[in-house]
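Taking it in order: structure first as structure tokens, then the write-up.
FYI, it's all coordinate maths here, none of it is from the lab. Quick caveat: nothing in here was measured; it's all calculated off a predicted structure. Positions of Cβ are generated from backbone atoms using ideal geometry, with glycine treated the same way; all protein chains shown enter the neighbour counts.
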Amino acid sequence: MARRILIIGAGVTGLFTAKQLLEKGFSDILVVDKNYPGSGGSFRCATGIRASFTSREHVKIMLRAIELWPKVSAELGIKYSRDGYLWLLTRESDVEYFSEVVKFQNSLGVPTRVLTPEEAGALVPGLNVSLVKAAVYDPLAGKASCFDSVVNTLRHLLSRGVRVEWGVEARRIRRSGSGFAVETSRGELEAEIVLVAAGWGSRRLLETIGVELPIRNLPKHALVTEAFKPVFKPLVIDWATSSYIVQLFNGNFYIGADIPEEYDVKPAHKLEFLRKAAGVWTRLLPWLGEVNVLRYWTGYYDMTPDHHPVLGPVEGFEGLYVAAGFSGHGFMMAPAVAEALAEYISGGKPGLPEFERLRPERFARGELIKEIAVFG
Amino acid sequence: MIDPRKVIVCRCEDVTLYDVEKAIDEGLTDIELLKRKLRIGMGPCQGAGCLLVVASILARKKGVRVTDIKIPVSRPPIAPVQLKFFAGSRRSG
Ligand SMILES: Cc1cc2nc3c(=O)[nH]c(=O)nc-3n(C[C@H](O)[C@H](O)[C@H](O)COP(=O)(O)OP(=O)(O)OC[C@H]3O[C@@H](n4cnc5c(N)ncnc54)[C@H](O)[C@@H]3O)c2cc1C
């Protein structure tokens with residue numbers, strides 16, 4: 001196929017989609033990134049992968065992604081493992097709420113189940129079970145290396161003639177002939193098909209061609225500790241404090257914790273985050289107090305009003321596509337998103353009808369995605 | 001001639017000169033990508049011991065000046081600190 005495709009953003013979304021397009025027979029593909037590949041959310045994320053969500057759309061799409069992860073991981077040499085997710089519930093009201101959530105998830109084929117504190121303790125050595133009322137376990141969930149996902153895909157693409165150029169910032173998109181002209185920091189690029197997969201930069205870029213999307217960037221904080229031999233497998237969430245911990249493949253513990261933040265401000269390091277992360281996790285896992293923190297960094301969740309991505313063709317702009325607004329879940333769904341985008345771009349429709357619900361027009365039409373209940 | 005497999009570039013993560021040169025030859029011509037491939041700069045010293053060495057290897061291979069290579073940022077707390085010291089007493093504010 002001769003049509004030229006320009007992908008703006010070399011995170012997992014852009015790179016996985018380039019690979020899918022190559023497999024569909026497109027050969028003239030250029031991916032640009034203003035910084036370096038992975039420098040957005042992709043290299044900063046907690047690498048968690050699960051289908052245990054509270055909307056039909058998320059569940060169905062993540063189930064497809066989980067079907068694809070083993071294939072992508074085998075093909076590209078990406079470390080991936082179904083190590084599970086474990087929610088710790090420390091309040092009675094949460095136990096009731098989660099029993100509804102589990103029913104919903106089970107009805108869609110997600111094998112979550114409620115565990116006793118002791119069963120949770122058996123999965124996480126040294127857990128202070130006296131604080132835990134109950135837990136929910138998802139054995140289908142897991143994690144993959146975000147470094148492998150970007151670096152190995154990049155090498156795969158480069159060795160097959162896809163051009164990936166970084167240090168190139170897209171500044172403005174306009175129509176040109178039957179396609180588009182994109183002004184960049186290195187001159188103008190022409191393409192018949194443009195995919196905006198620019199994470200937190202997507203909203204501003206789309207505004208330049210007159211497309212308004214309700215994406216707002218919310219600062220997030222994460223740290224890693226020094227590495228140890230494997231201690232526990234699942235990604236563990238403390239529901240009451242919106243905090244989580246996961247032991248990465250290399251052995252480091254990765255901790256995320258929510259602190260009050262404002263949208264669309266430049267992220268700053270805050271002692272408050274370190275206090276919260278350390279406070280929550282040394283209470284639940286007292287042995288962690290002795291462990292050294294190595295690095296603390298920030299990033300953004302690109303949030304939409306219904307916390308689901310904006311995905312697909314942009315109405316009224318033939319040839320323009322968007323994949324952004326992942327609201328903190330763009331890593332796990334990337335294989336399924338890439339598959340759906342490649343189907344759209346080659347003139348078809350995604351195999352999974354739930355993708356059609358994520359199209360950009362839903363906001364103007366007031367057709368936001370509904371969750372079974374409000375989820376923090 | 002020294003065997004590049006025996007020259008340690010990053011002691012924290014046990015990365016050799018051979019590993020670095022091979023990754024560059026495979027197309028990872030950016031120090032940020034070498035970091036994610038090899039873990040240079042991700043150990044306890046955050047690259048204090050290796051990043052300049054890696055930068056000079058990369059500069060030599062690319063034929064640019066070492067000052068043209070932008071070194072990855074260091075993250076707080078810079079030196080390793082045990083979690084318990086952040087969990088301590090909660091002052092107001
Ligand atoms: C702390 C944290 C933890 C997370 N944990 C998880 C998790 O456990 N599981 C999960 O699934 N997700 C998680 N996420 C979310 C996940 O990281 C993102 O949803 C995902 O990486 C999005 O990938 P992407 O390719 O769409 O965007 P990005 O990786 O952000 O890539 C977008 C790229 O576009 C480039 N760009 C932006 N503007 C321009 C422009 N104008 N011109 C050219 N290039 C541009 C950027 O430089 C960037 O490289 C987490 C995020 C954070 C911050």
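Cα centroid separation, region A:112-161 to region B:1-74: 30 Å.
Below 11 angstrom from the Cβ of residue B:49, what's the summed charge of the other residues (Lys, Arg +1; Asp, Glu -1)? Net charge around residue B:49: 0. Under the membrane-span-like helix rule (DSSP H runs whose alpha carbons stretch at least 15 Å along the helix axis, mean Kyte-Doolittle hydropathy 1.0 or higher), chain B yields B:51-62.
Spatially, region A:244-274 and region A:47-86 are offset by 22 Å when compared through their Cα centroids. Taking the longest Cα principal axis of chain A as reference, the axis of helix A:271-284 is set at about 50 degrees. DSSP bridge analysis restricted to chain A gives an antiparallel fraction near 70%, rounded to the nearest 5. Applying a DSSP loop filter and a limit of 16 other Cβ atoms within 10 Å to the trypsin sites (Lys or Arg not before Pro) in region A:252-342 leaves A:270. Over chain B, DSSP H runs of length four or greater, each weighted -39,500 (n - 2.57), average out per residue to a 222 nm ellipticity of -9500 deg cm²/dmol.
Diffusion of the protein assembly as shown by Stokes-Einstein, at 25 °C in a medium of 0.890 mPa s and with Rh set to the Kirkwood radius over alpha-carbon pairs, works out to 106 µm²/s.
Here's how it looks for residue B:82: its modeled amide H is under 5 Å from those of A:293, which are all 5 or more places away or on a different chain. Mind telling me which of B:29, B:16, B:67 comes out most flexible in a GNM of chain B, alpha-carbon contacts under 10 Å? Result: B:67 has the largest fluctuation of those listed. Reducing region A:179-227 and region A:290-348 to their Cα centroids gives an inter-centroid distance of 11 Å.
Charges were assigned to the Cβ only: +1 to each Lys and Arg, -1 to each Asp and Glu. The resulting dipole of region B:8-85 about its Cα centre is roughly 220 debye. Computed from point charges on the beta carbon alone (+1 for Lys and Arg, -1 for Asp and Glu), the dipole magnitude for the protein assembly as shown about its Cα centre is near 980 Debye. Cross-link pairs exceeding 23 Å between alpha carbons, from the set A:19/B:37; A:34/B:35; A:133/A:270; A:276/B:37: A:133/A:270; A:276/B:37. Coupling constants for region A:105-110 follow from the phi torsions by the Karplus curve (6.51 cos²θ - 1.76 cosθ + 1.60, θ = phi - 60°), and in residue order they are 5, 4, 5, 9, x, 9 Hz; glycine and proline get x. Projecting the Cα atoms of B:53, B:76, B:18 onto the charge dipole of chain B (Cβ charges, centred on the Cα centre) puts B:76 farthest toward the positive pole.
For region A:195-276, applying the loop criterion from DSSP together with a ceiling of 13 other beta carbons within 10 Å to the GluC sites (Glu not before Pro) yields A:212, A:262.
Shown is the FRET efficiency for residue A:176 and residue B:81, computed with R0 = 45 Å from the Cβ-Cβ distance and rounded to the nearest 0.05: 0.25.
Of A:298, A:13, A:47, the residue with the greatest mean-square motion in the GNM of chain A, using alpha carbon springs below 10 Å, is A:298. Both the radius of gyration and Dmax for region A:113-272 are 21.8, 67 Å, in that order, over alpha-carbon atoms.
Loop-located GluC sites (Glu not before Pro) across region A:143-184 with a Cβ neighbour count of 15 or fewer within 10 Å are lacking, with loop assigned by DSSP. For residue A:164, the residues 5 or more places off, or on other chains, whose built amide H falls under 5 Å of its own are A:31. Couplings 3J(HN,Hα) of region A:294-308, computed from phi: 9, 9, 10, 9, 10, x, 10, 8, 8, 9, 10, x, 9, 6, 10 Hz, in residue order, whole Hz [Karplus 6.51 cos²θ - 1.76 cosθ + 1.60, θ = phi - 60°; x for Gly and Pro]. Summing charges over neighbours of residue A:41, with a neighbour being any other residue whose Cβ is under 13 Å away from its Cβ, gives 0 when K and R count +1 and D and E count -1. If you take all other residues with their beta carbon under 14 Å from the beta carbon of residue A:322, and give Lys and Arg +1 and Asp and Glu -1, the sum is -2.
Ordering A:108, A:156, A:222 by Cα displacement along the dipole of region A:86-225 toward the positive end leaves A:156 in first place; charges were set at the Cβ atoms of Lys, Arg (+1) and Asp, Glu (-1).
Here the sum of -39500 (n - 2.57) over DSSP H runs of 4 or more residues, divided by the residues of chain A, equals -9000 deg cm²/dmol at 222 nm, to the nearest 500. Residues in region A:328-337 carry Karplus couplings, in order, of x, 10, x, 6, 4, 8, 3, x, 6, 5 Hz; the curve used is 6.51 cos²θ - 1.76 cosθ + 1.60 with θ = phi - 60°, and Gly or Pro positions show x.
For residue A:107 and residue B:73, FRET efficiency with R0 = 35 Å and r from the beta-carbon atoms, rounded to 0.05? E(calc), rounded to 0.05, equals 0.15.
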